[in-house]
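Here the structure comes first, spelled out in structure tokens, and everything after it is commentary.
The values are calculated or read from the model by the stated rules, or taken from the named source; none is laboratory data. Owing to the predicted nature of the structure, the values given are computational and were not obtained by experimental measurement. Cβ atoms come from the backbone with ideal geometry, glycine included; neighbour counts cover every protein chain shown. Ligands, DNA and RNA are excluded from the accessible area calculation, which covers all protein heavy atoms including side chains. Shrake-Rupley method; radii C 1.70, N 1.55, O 1.52, S 1.80 Å.
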Amino acid sequence: MRRVHVLIEGQTEELVLRDLLLPYLEGLQIQASYNILITRRQGSAPAGRGGVSSWNRIEPMLRHLLRDPTLDRVTTIFDYYAFPSDAPGMRERARQRDPYSAVRYVETELAAAIGDRRFVPFLVLHEIEAWVLSSMRAHAEPLALRVAIQNMVDQAGGPELVNGSQQTAPSKRLERLFERHLRRKYLKTTDGPASLRGHSVEALRADCPHFDQWLTTLTTPEPS
């Protein structure tokens, strides 16, 4: 059984990984482990976890993980939206022709900076709520909410292409739709993972090409 370790951004990613992706990988004879990025440590205080503030917080953790020779792959699950601007490739990504080219460019630069063939960087385009949109356009209730999400995704050209700016990121749009149709707040660490538990990885792969490409790379054995 091959071994994969995933460095993740926070609690939402942890719930999605634990409930959706780990069972899927186990079914492919891949043993996956994970940890949340440590973001701060002061004296003897407990280490803070979650959130991504700078590449200097991520790089040492990746290099530490890659010291384990028993790991076949080390990968990440971080949002592309608001990924640290000092990370390799982030300043030059605007030259790329579309969001898919831009996120792949940044991932290629991250891999080059680490320089270990076992490292497979992955950034969720634009944020993990893109996966929630994929699920909710199939399962959300009431019908009016589902139709609104469907229209939004169709207009963008797919869940991963729903815009990732400060006001129009998928999570911001979900917040407004929940207020309008459910008269309550969208809870990132509750509503998103709960929706994805009713979705399948195969459906997500069909809806999200960048996610599908990552899983294909992660689950394909390297030539011996």
Summing Lys, Arg as +1 and Asp, Glu as -1, what charge do residues with Cβ under 10 Å from the Cβ of Asn163 carry, Asn163 excluded? +2
Ile38 versus Ser165: modelled label distance in nm, points set 7 Å from Cα along the beta carbon direction: 3.9
Counted charge near Thr217, where neighbours are those whose Cβ lies closer than 15 Å (Asp, Glu -1; Lys, Arg +1): +1
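Can you give the translational diffusion coefficient of the chain in µm²/s, computed by Stokes-Einstein from the Kirkwood radius over Cα pairs at 20 °C and 1.002 mPa s?
118
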Rounded accessible area of Asp19 (nearest 10 Å², 1.4 Å probe): 50
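Take the Cα gyration tensor of segment 50-158, multiply each eigenvalue by 5, square-root it, and list the three semi-axes largest first, rounded to whole angstrom. Don't skip to the answer; put the middle values down first.
Details: eigenvalues 195, 56, 28 Å².
The equivalent ellipsoid of segment 50-158 has semi-axes of 31, 17, 12 Å.
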With runs of 4+ DSSP H residues as the only contributors, calculate the mean residue ellipticity of the chain at 222 nm using -39,500 (n - 2.57) per run, divided by the residue total and rounded to the nearest 500. -13500 deg cm²/dmol
Express as a percent, rounded to the nearest 5, the fraction of DSSP beta bridges in the chain (both residues included) that run antiparallel. 10
